[in-house]
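Please read the structure below before turning to the comments.
Rule-based calculations on the coordinates, nothing more; no lab input. Since this is a predicted model, take the numbers as computed values, not measurements. Don't worry about glycine lacking a Cβ; one is built from the backbone with ideal geometry, like all the others, and counts go over all protein chains shown.
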Amino acid sequence: MSVEGGGFPDGQSAGALPVVLGVPPPSRHISNEMQNYMRADPESAAAVACFLCRQLMSASGQRVGLSQNQLQTSLENKCKALPVELSEHCSSFVNTFLQEIYFSLNYDFSAKNVCVALNICDKDLEITFETKAERELKEKEAREKEERKMKEIEERGRREREERERKEREEKKKKEEKEAEEKLKKRRKGITDDVEEMNKDEKRLNCMFCDRMLDNAKKYAETAKADIESFASTACAKWPRIRFAETCHRMAEEKITKLNKFVDEQVVEALWCGELYNCE
């Protein structure tokens, strides 16, 4: 009897397996909730059947050499570990197809090949089944992952925004400092220019004063000498005696000598004044 050929012990056929697994009658003790679920979604029912087949075949593969009763006990224990709805469904599967499962162990089939040969699973279809708790856990993990991702995006955006604001503040501060420095330079330059202009004006006035001193000294010397000589010539000529006339001229010469000395002092002061103020 060959599994690949579709023959099974006691005349059972592989084609009947999906029917038994898909929508079992109430006499199989399947809950109304599971019956309604499997009637409403045949594809999910087929997935449950394929899932149970592979799970039980995998468990059976580790128990080669057991008797049929021992294998049944082992598989029923496996079914009891499943959720209530699946546990009842699993027990029904074991009771119905225990002989086929036991028979397949003699041919050392893999769980996948046996379930495909029994026409319970599609050849290229991978069936997985998860409980409500597992599904909720996955959904929770997905939500938490998405929340972490959003928080990372928000945190990265916050850091980038803070960095951008920090750079803007630094640039603004540098700009303000530069503008303040430029204003200070202009102010200092203005003060310096004013001082230089004042110094120039003061120098110009001082030099004018020095020049005036020199000019006055020269003019005074020329005018005073001429006046003294003229006065001496006129006055001394009126003296009747020669001795008095000579004394008169000698006094005039002394005055002229003192005048020259005074003028020389004035000229020296004027020249010193010019050197003091760097007059040209």
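This table checks each residue for (1) under 20 Å from residue 280 (Cα atoms); (2) out of contact with any His (no Cβ under 7 Å at 6 or more places or on another chain); (3) among the hydrophobic types (A, V, I, L, M, F, W, C); (4) in a helix (DSSP H, G or I).
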{"position": "182", "(1), (2), (3), (4)": "no, yes, no, yes"}
{"position": "189", "(1), (2), (3), (4)": "no, yes, no, yes"}
{"position": "213", "(1), (2), (3), (4)": "yes, yes, yes, yes"}
{"position": "225", "(1), (2), (3), (4)": "no, yes, no, yes"}
{"position": "229", "(1), (2), (3), (4)": "no, yes, no, yes"}
{"position": "253", "(1), (2), (3), (4)": "no, yes, no, yes"}
{"position": "262", "(1), (2), (3), (4)": "no, yes, yes, yes"}
{"position": "267", "(1), (2), (3), (4)": "yes, yes, yes, yes"}
Counted residues, segment 255-280 - those being farther than 19 Å from residue 218 by Cα and exposed (fewer than 12 other Cβ atoms within 10 Å of the Cβ): 2
Residues 225, 255, 238: which one is of a type in the set (D, E, K, R), touching a residue at least 24 places away in the same chain (Cβ under 8 Å) and more than 30 Å from residue 207 (Cβ to Cβ)? 255
